[in-house]
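Taking it in order: structure first as structure tokens, then the write-up.
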Amino acid sequence: MKKSYQEYLKALNKSIPHENLRAGQHAMNLLYSHNLELYEKITGSDIDPFYLDNKLGSFFSYLEEHWND
């Protein structure tokens, strides 16, 4: 079941990423368990922050706008 965007943000802020993960990797890994549909849409796209943390701003803007689509 898809969780709310607020639940995702809360979990992201409370969780501690593995020491070898960047913020973008951690954000995407957590997204997988909170909203699989958006995870699949974002993976490999221009806003996917998994490899480049500088995409996090666009990533979070997209999530906020499209979470309930």
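The values are calculated or read from the model by the stated rules, or taken from the named source; none is laboratory data. Please read all numbers here as calculations on a predicted model, not as lab measurements. With ideal geometry, Cβ positions are generated from the backbone for all residues, glycine too; neighbour counts draw on all protein chains shown.
Collect the residues in the range 42-56 that are acidic (Asp, Glu) and buried (at least 16 other Cβ atoms within 10 Å of the Cβ), keeping them in residue-number order.
Passing the criteria: only Asp48.
Restricted to the range 31-48, and to residues that are of a type in the set (Ser, Thr, Tyr) and not in a helix (DSSP H, G or I), which residue is farthest from Ser4 (Cα to Cα)?
The residue in question is Ser45.
Would you confirm whether any residue within the range 58-66 is at pLDDT 95 or above, over 9 Å from the mean Cα position of the chain (by Cα) and not in a helix (DSSP H, G or I)?
Among the residues of the range 58-66, not one is at pLDDT 95 or above, over 9 Å from the mean Cα position of the chain (by Cα) and not in a helix (DSSP H, G or I), which makes the answer no.
Just to be sure I understand the filter: pairs with C-beta atoms under 7 Å, separated by 6 or more residues or on different chains, first member in the range 5-27 and in contact (Cβ under 8 Å) with a residue 40 or more places away in the chain, second member part of a helix (DSSP H, G or I). Which pairs pass?
Between residues of the range 5-27 that are in contact (Cβ under 8 Å) with a residue 40 or more places away in the chain and residues that are part of a helix (DSSP H, G or I), the close pairs are Tyr5/Leu63; Tyr5/Glu64; Tyr8/Leu30; Tyr8/Leu31; Tyr8/His34.
Pick out the one residue from Tyr39, Tyr8 that is under 12 Å from Phe59 (Cβ atoms), surrounded by 12 or more Cβ atoms within 10 Å (Cβ to Cβ) and touching a His at 6+ places or on another chain (Cβ under 6 Å).
Tyr8
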